[in-house]
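Participant: Quick one: the structure is below, questions incoming.
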Amino acid sequence: MELQNKATALWSNFLNVKMVQIRTFHMTWFAFFSCFFAWFGIAPLMSVVRDELGLTPDQIGWAIIGSVSMTIFARLFIGWLCDRIGPRKSYTWLLLIGSLPVMGIGLAQSFETFLLFRVLIGGIGAAFVITQYHTSVMFAPNVVGQANATSAGWGNLGGGVTQFVMPLLFSVMVIGFGFSEAVGWRLSMIVVGVIIFLTGIAYYYLTQDAPDGNFDDLRAQGRMEEKKNVTGNYMHALKDSRVWVLFVIYGASFGIELTVNNVAALYFMDYFDLTLVTAGFVAASFGLMNLFARTLGGIFGDNFGALWGLRGRAFWLFICLLFEGLALMVFSQMNVLFLALPSLIVFSLFTQMAEGATYSVVPFINKKALGAVAGVVGAGGNAGAVLAGFLFKNVIDWSEAFFILGIVVTCASFLAFFVRFSTRQEDEERANFAAANIDTLRARAQKANAALDEGLAAVASKQASIAE
């Protein structure tokens, strides 16, 4: 059954944290930001780790693959868990447990132990699924695309921020406090792990599962399906071909972003002779586009949906993926920094808009198994990253690897035409969209009337004072 009292506006209420929908929105993006930061916190320090542990290019390749492989299974599981116990408890447990390997990687003394912790850290990448799930149940169809895209985009921003913050934190540990480099990178990761742990505690106390309450309470009131139906709905969603099409599509967008986050700093150091800190700042430009790019993907997804229904959302997804693939091929051919940087930014823009466009479609695939759909599609991003990672195991030149990925993404864009909806569902969503817009207009009218009443009262008061 459909959850009620979803927010019909995002930006007009953006700072109204008394609204549980808005408060949850801010907690979801911050929690995901923290997880993304921790997930790739070691990437910009890999040159230091490589020298200390004596890692070979092949071992670095396995570390890249390991960092995203665990997330595939974690995302599949966490989607089912959200449907069963709710996003609030799911996020809390993920953050608390996920903080342990983030801090624990400081114990690594060999390639094997480093790889083990790198794989375990990948589990916190499942935070994305909870973020998208939670905003989907909190926001109405007219703004769900931009709510999903913004929360995920600002979360993904952690992957860009970590590229320059971690080298700076490392420098503080080494230069400021006098620790050795071997101790410095370990302490830096411990600091990040502590932040993750504290965020998990805050998430439990500052959010709730849905606008009207937590899942346990809603089930007790008969306003949600029972837990026993969750697995059946999950399996039904897995039989929907559109879910697997979006699985591949997300692998061609978010999977590429994960790959770039893992290799960008090393790529610019080795191919453009940049220092650790400078390469970190350049690599960060890719992730920092999440500040607005993914939001644009969601906003345009909602706008295309307003004009052409659900098929409009799918067509916008095609456009984003097509230009992402073309831009990636262009970036791969750049061999001077002043050309590589702008082409990287354009490539990043379309990559992240494609991610936002994908999750402007996801909430409409199967509302009874939203966690299943969000989890499977999210896992596709990591599956794509795992496959892409094999191209960076010193098999071929990294610029050639980027070019091949550009071709793959361009071909994958045409799969968007296979994301289709029935006439009945199109009609239902148009009605829901219109109802949400009416609610938005009604709320704006109420605010305008309230402001008018205040103005008239002020005028009357002033006139009375003049008369006296």
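Participant: Between ILE97 and VAL183, what is the FRET efficiency for a Förster distance of 22 Å, r being their Cβ-Cβ separation, to the nearest 0.05?
Facilitator: Numbers: r = 26 Å, r/R0 = 1.16.
FRET efficiency, ILE97 to VAL183: 0.30.
Participant: Which ordering of LEU94, LEU341 is given by a fewest-first count of other beta-carbon atoms within 10 Å? Numbers along the way, then the final one.
Facilitator: Details: LEU94 25, LEU341 16.
Fewest to most other Cβ atoms nearby, the residues stand as LEU341, LEU94.
Participant: Could you give the dipole magnitude of the chain about its Cα centre, charging the beta-carbon of Lys and Arg +1 and that of Asp and Glu -1, in debye to the nearest 20? Write down the numbers at each step before the final one.
Facilitator: Numbers: 29 positive and 30 negative charges, 205 e Å.
For the chain, the charge dipole is close to 980 debye.
Participant: Here's another thing I want to ask about it. Can you work out ³J(HN,Hα) from phi for every residue in segment 328-342, in order, using Karplus 6.51 cos²θ - 1.76 cosθ + 1.60 and θ = phi - 60°, giving whole Hz and x for Gly and Pro?
Facilitator: Karplus-based 3J(HN,Hα) across segment 328-342 equals 5, 5, 5, 4, 4, 9, 7, 10, 10, 5, 6, 9, 5, 5, x Hz.
Participant: Right, here's the next one. Using 0.36 nm times the number of residues separating ASN394 and LEU206, minus their current alpha carbon distance, what extension gain do you get?
Facilitator: Values: separation 188, 0.36 × 188 = 67.68 nm, distance 4.60 nm.
Length gained, ASN394 through LEU206: 63.1 nm.
Participant: Rounded to two decimals, what is Rg over Rh for the chain when you use alpha-carbon atoms and the Kirkwood radius?
Facilitator: Numbers: Rg = 23.1 Å, Rh = 22.8 Å.
Radius of gyration relative to Kirkwood radius: 1.02.
Participant: In terms of modelled amide H atoms, which long-range or inter-chain residues lie less than 5 Å from the amide H of ALA7?
Facilitator: Answer set, sorted by chain and number: PHE139, ALA140.
Participant: Also, quick follow-up: Using only the alpha-carbon atoms, how far is helix 398-412 inclined from the longest principal axis of the chain? Give it as 0 to 90 degrees, nearest 10.
Facilitator: So the helix axis and the longest Cα principal axis differ by about 30 degrees.
Participant: In a Debye calculation with equal point scatterers on the alpha-carbon sites of segment 314-424 and no solvent, what is log10 I(q)/I(0) at q = 0.11, 0.13, 0.17, 0.19 Å⁻¹?
Facilitator: Results for segment 314-424 at q = 0.11, 0.13, 0.17, 0.19 Å⁻¹ read -0.41, -0.56, -0.87, -1.03.
Participant: Let me have the 222 nm mean residue ellipticity of the chain computed from DSSP H runs of 4+ only, each contributing -39500 (n - 2.57), with the sum over all residues rounded to the nearest 500. Could the numbers behind the result be given before it?
Facilitator: Details: 18 runs with 352 residues, N = 468.
About -26000 deg cm²/dmol.
Participant: If one computes the Cα centroid of segment 236-265 and of segment 285-346, what distance in Å separates the two points?
Facilitator: Rounded to whole Å, the Cα centres lie 15 Å apart.
Participant: What relative contact order, as a whole-number percentage, does the chain give when Cα pairs under 8 Å and 6 or more residues apart are counted? Kindly include the intermediate steps, with their values, before the conclusion.
Facilitator: Values: 852 pairs, mean separation 118.2, N = 468.
Relative contact order for the chain comes out at 25 percent.
Participant: Assuming 0.36 nm per residue, please report the length gained on full extension of the stretch LEU387 to GLU112 beyond their Cα-Cα distance.
Facilitator: Details: separation 275, 0.36 × 275 = 99.00 nm, distance 2.11 nm.
Net length gain for the segment: 96.9 nm.
Participant: Can I ask one more? So how far apart, in nm, are the two label points at ARG223 and VAL336 if each is 7 Å from Cα heading toward Cβ?
Facilitator: 6.3
Participant: Something else: How about segment 125-203: which chymotrypsin sites (Phe, Trp or Tyr not before Pro) there are in a DSSP loop, with at most 11 other Cβ atoms within 10 Å of their Cβ? Numbers along the way, then the final one.
Facilitator: Numbers: sites: PHE128, TYR133, PHE139, TRP154, PHE164, PHE170, PHE177, PHE179, TRP185, PHE197, TYR203; in loops: PHE177, PHE179.
Sparse-neighbourhood loop chymotrypsin sites (Phe, Trp or Tyr not before Pro): PHE177.
Participant: Another question about this same structure. Apply 1/(1 + (r/R0)^6) to the Cβ-Cβ distance of PHE417 and VAL194, taking R0 = 51 Å, and write down the FRET efficiency to the nearest 0.05. List each step's numbers first, then the result.
Facilitator: Numbers: r = 47 Å, r/R0 = 0.92.
Efficiency at R0 = 51 Å is approximately 0.65.
Read the figures in this text as sums done on the coordinates, not as results from a lab. Being a predicted model, the structure only gives us computed values, none of them experimental. All Cβ positions, even for glycine, are placed from backbone atoms using ideal geometry, and neighbour counts span all protein chains on display.
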